[in-house]
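What follows is calculated from the coordinates using simple rules that are stated; it is not laboratory data. Keep in mind it's a predicted model, so treat the numbers as computed, not measured. Note: ideal-geometry Cβ built from the backbone for every residue, glycine included; neighbour counts use all protein chains shown.
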Amino acid sequence: MAYKFRKQIFGFMDLLRFKKMVPARRQKLAEGSDKPLPKSYAVNRTAKILHPGKQTAVLVEIIGETADTKTFVFYAERPFYFRAGQYITVGCRIGASFASRPYAISSSPEAALGGRFSVTIKKCGFFSGYMCDSAAVGDSFTVGEPSGEFCREPLKDAPHIVAVAGGSGITPFYSMAQSLKDGTEEGTLTILYGANRESEIIFKDALDNLSCDKVKVVYVLSEEDKEGYEHGFISADIIKKYAQGDFTLMICGPQALYKYADTEYKKLGLEARRIKKEAQCVGTRDAAPAKYKLTVHIGFEKFVVEADSRETLLVAMERAGLEVPAKCRAGGCGFCHSRLISGKFSIAGADKRRLADKKFGYIHPCCTYPDSDMEIDVPRG
């Protein structure tokens, strides 16, 4: 049945009520205080203290884990609030450049309430090489706020998590295991940790000590045959062997692991929502070497830097010493989105920009390669 709406006629009585309303409003305004509004509010100050966008942290301890992996323990004046599985960006000046990288937090959320937190880094690139070879206790670093969605979501994920880790991809799961054992989070966790050899297993003793009714750890060696370990790769058959009932599969490791998982884990028959992969930083691309001019506007300042066709715009800006917004470095979070003024570009992998970014001409410098001279407007870091 269609409803018929009667037209509302603006009559004499409505006009009379409106006429009385105007002086009443003027009277209320006149009775109000002439004291200026505060420049800041207590709730905003509290939020900034609890969740600072970035802060300075001091490196207080370095722990050798394996031949090429170290854990870096930091102290920050403001406590960190995060969920097991999230990451932070760690950055500093190296010569004339500013560099930063995202790393999964390897310590537990409970330990971070006292201001101490840690990241575990494998030496495999420019910044990780600097951290492993040159960072020293007492050095100060800029750390961003905890970010990322590589966590167990109680409303979306199964109570049981099966974690597939390769190499330093164990770090978010190590944090999860600690949070489960200390009661910070609920659920159960089975970690299938792949390494070439036993000597390359990170946190071996600590993981063994964390094993309990909530946490189970299985080691899989691909290049060594030892008693007490699974052998080969973390196949679908191995997952079926240790995963019982409904579970969510979480994967973190090198690119080779993701390529293997894309085909092998289809055999599990899991729904897409039951598989979660940690994003990987965008690196260099295979392209003909070329140099371009990148003009960068930050507020009222203008910078002209050199950009390499094989590196992202973010790397070009950091190499020039510009401290610009950066978090995931994978094109997913949108934190670095910047307005494109002119120029041609290519995007690494799938275009993860929001529809609004595409419509209004925004790009993500962390995953954008220059194909010509470019000009962009970047928010302040």
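General remarks:
- Assigned charges on the beta-carbon of Lys, Arg, Asp, Glu; the range 160-277 dipole about Cα centre (debye): 480
- Part-to-part distance (alpha-carbon centres) for the range 58-135 and the range 191-217, which is given in Å: 21
- Extreme residue, positive dipole direction of the chain, given options 63, 211, 356 (C-beta unit charges): 356
- Choice from 86, 255, 27 with maximal GNM fluctuation in the chain (Cα, 10 Å cutoff): 27
- Relative to the longest principal axis of the Cα atoms of the chain, helix 12-31 runs at roughly 70 degrees.
- Loop-located trypsin sites (Lys or Arg not before Pro) across the range 18-89 with a Cβ neighbour count of 15 or fewer within 10 Å are 39, with loop assigned by DSSP.
- For the chain, cysteines whose Cβ has no other cysteine Cβ within reach (under 4.7 Å): 92, 124, 132, 151, 212, 252, 281, 336, 366, 367
- Radius 12 Å from Cβ of residue 59, net charge of other residues (Lys, Arg +1; Asp, Glu -1): 0
- Between the residues 261, 146, 187, the greatest Cα displacement towards the positive end of the dipole of the chain, with unit charges on the Cβ of Lys, Arg, Asp and Glu, is found for 146.
- The chain: antiparallel DSSP beta bridges as a percent of all, rounded to 5: 65
- Sparse packing (at most 13 other Cβ atoms within 10 Å of the Cβ) combined with a DSSP loop state is found for the following GluC sites (Glu not before Pro) in the range 22-107: 77.
- Neighbourhood charge, 14 Å Cβ-Cβ cut-off, centred on residue 115 and excluding it, Lys, Arg +1 and Asp, Glu -1: -1
- Rounded if a/c under 1.5, otherwise prolate or oblate - the range 291-377, Cα gyration tensor axes: rounded
- Within-10-Å neighbourhood charge of residue 362 [Cβ basis; K, R +1; D, E -1]: +3
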